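Report on the following structure.
The values are calculated or read from the model by the stated rules, or taken from the named source; none is laboratory data. Since the structure is predicted, the reported quantities are computational estimates derived from the model, not experimental observations. Every residue, glycine among them, receives a Cβ derived from its backbone with ideal geometry; neighbour counts consider all protein chains shown. With ligands, DNA and RNA removed, areas are computed over all heavy atoms of the protein, side chains included. Shrake-Rupley method; radii C 1.70, N 1.55, O 1.52, S 1.80 Å.
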Amino acid sequence: MRLSRYFLPILRENPKEAEIVSHRLMLRGGMIRQEAAGIYAWLPLGLRVLNKINAIVREEQNRAGAVELLMPTIQSADLWRESGRYEAYGKEMLRIKDRHEREMLYGPTNEEMVTEIFRAYVKSYKDLPLNLYHIQWKFRDEVRPRFGVMRGREFLMKDAYSFDLDEAGARHSYNKMFAAYLRTFARLGLKAIPMRADTGPIGGDLSHEFIILASTGESQVFCHKDFLDYDTPPADIAFDDRATMQGVFDRWTSQYAATEEMHDAGKFGALPADKQVSARGIEVGHIFYFGTKYSEPMKAVVNGPDGKETPVQMGSYGIGPSRLVAAIIEANHDEAGMIWPESVAPFTVGLANLKVGDSATDAACADLYAKLEKAGVDVLYDDRDERPGAKFATLDLIGLPWQAIVGPKGLAEGKIEVKNRRSGERATLSLDEALNRLTAKTA
RNA sequence: CGGGGUAUGGCGCAGCCUGGUAGCGCAUCUGCUUUGGGAGCAGAGGGUCGCAGGUUCGAAUCCUGCUGCCCCGACCA
């Protein structure tokens, strides 16, 4: 992409409303625009990151056996009356009437609807287990939205729903999502720690929040230091093997880890002092096992092997991709701006032409740009007629992992500079060497 | 939902107390000079001062009502 033809509205000054670093940087970097309290438009750069996160989330859901569909944002109130949550959910649910005065709502979550879909088609235990998920916009009319997309009213959520015949099966489904979440967050460059959680209004008796540690986190969390060094389950792990999945779960729940609400100061205090981690955390995922809470009132039943109708055992599993964009920034930035992990970077390489109009510089840039594109590298070519300082500042701000800096001084020696945004490491290379390095990095 | 702020060009702000030509920096546009860490000079454009009433010869400024947005607390992917 040529920057001169892109839409990247960078702000030089800090917007006054942005209190936390991710919000500030997302506004400055032209990633989002606030349209109302807690409601944001995703500008091109922000959308690229969001889409990359979605792609990783999707891959890991699919790997764990979940099946993607897409449910609507608008739901019927009647559906929610069946589960009893239409009254229970309260003011956080945005209620709407259509032209026929029918009561509708903008979905804050989808347990009811997915249960309705399930019961309409699945009648036999032979069709289980089943896990359906979608990535869809949700609306929760928070009393006080804040921190940009970290706590928006409208937000994107990946929500998966598992259906099993019995509790043992449901636990396996839970464990599969548990493992998939560990993999997902690791691929996003985050160290997420599962912590036992309150089940809240979703209900149920088994629940974990996935928390990343960041100084600006909203909640206080406590955990055993060893978690920080645990290995992520490999891509080829046997998701369908119950013992293997239980092993992952057991290992990642073997040490103390809790959010403030579930904190047990006594247990935590019993850990060796050098293993006690007390930090701020950001919740980036939440999984629940809630049995027949919805299947019973909504009559989602299957015939078991014994021929009897049995309400299915359910669980739900949420990840907030829009919140993750902010969370990743909170965990990856410096004074100059964002520092994207390569897996979610909006572009992998920023190519800076330091002297637009200089024929040698223009030619070298055009050549490198074409070759990088051909090699399948996402490259943002800063071909604007700006001074070098402005280009460096822009590239540092938007945090692309690699910067290829091409100017007349280096070209006189046949060299360009390749800079790593995270380490600050610079290498002076020939065009070919630079091309090799930059394509190798994204292989 | 309680408490506290705030609203003036795209962004950041001053002006309001004490009513009288709407201003500054950045950004934008034009020209020239510049070009390896957010350039310099010269010129230009852009604002019914959140909305609605009221007071007044005259309101960004004073009064009343409303709305948006932000912050602090209790709740949440």
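Under the condition of being over 19 Å from the mean Cα position of the chain (by Cα) and surrounded by 15 or more Cβ atoms within 10 Å (Cβ to Cβ), the residues counted in region A:11-23 number 1.
In region A:162-191, what residues are within 21 Å of A:S124 (Cβ to Cβ) and aromatic (F, W, Y)? Result: A:F163, single match.
Among the helices (runs of 4 or more DSSP H) confined to region A:324-443, the ones with at least 2 residues that are within 32 Å of the chain's Cα centre (by Cα) and either away from RNA strand B (no atom under 11 Å from the Cβ) or modelled with pLDDT of 95 or more (or both) are located at A:359-374, A:388-398, A:431-441. In region A:283-295, the qualifying residues are those that are open to solvent by 10 Å² or more (accessible area, probe 1.4 Å) and in a loop (DSSP other than H, G, I, E, B), and the one that is nearest to A:R85 (Cα to Cα) is A:K293.
Results for (1) open to solvent by 30 Å² or more (accessible area, probe 1.4 Å); (2) assigned to a loop (DSSP other than H, G, I, E, B), shown as yes or no for each residue.
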{"site": "A:G269", "(1), (2)": "yes, no"}
{"site": "A:D274", "(1), (2)": "yes, no"}
{"site": "A:V277", "(1), (2)": "no, no"}
{"site": "A:P297", "(1), (2)": "yes, yes"}
{"site": "A:G318", "(1), (2)": "no, no"}
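Looking at A:L27, A:L8, just one residue is touching a Pro at 6+ places or on another chain (Cβ under 8 Å), part of a loop (DSSP other than H, G, I, E, B) and within 16 Å of RNA strand B (Cβ to nearest atom), and that residue is A:L8.
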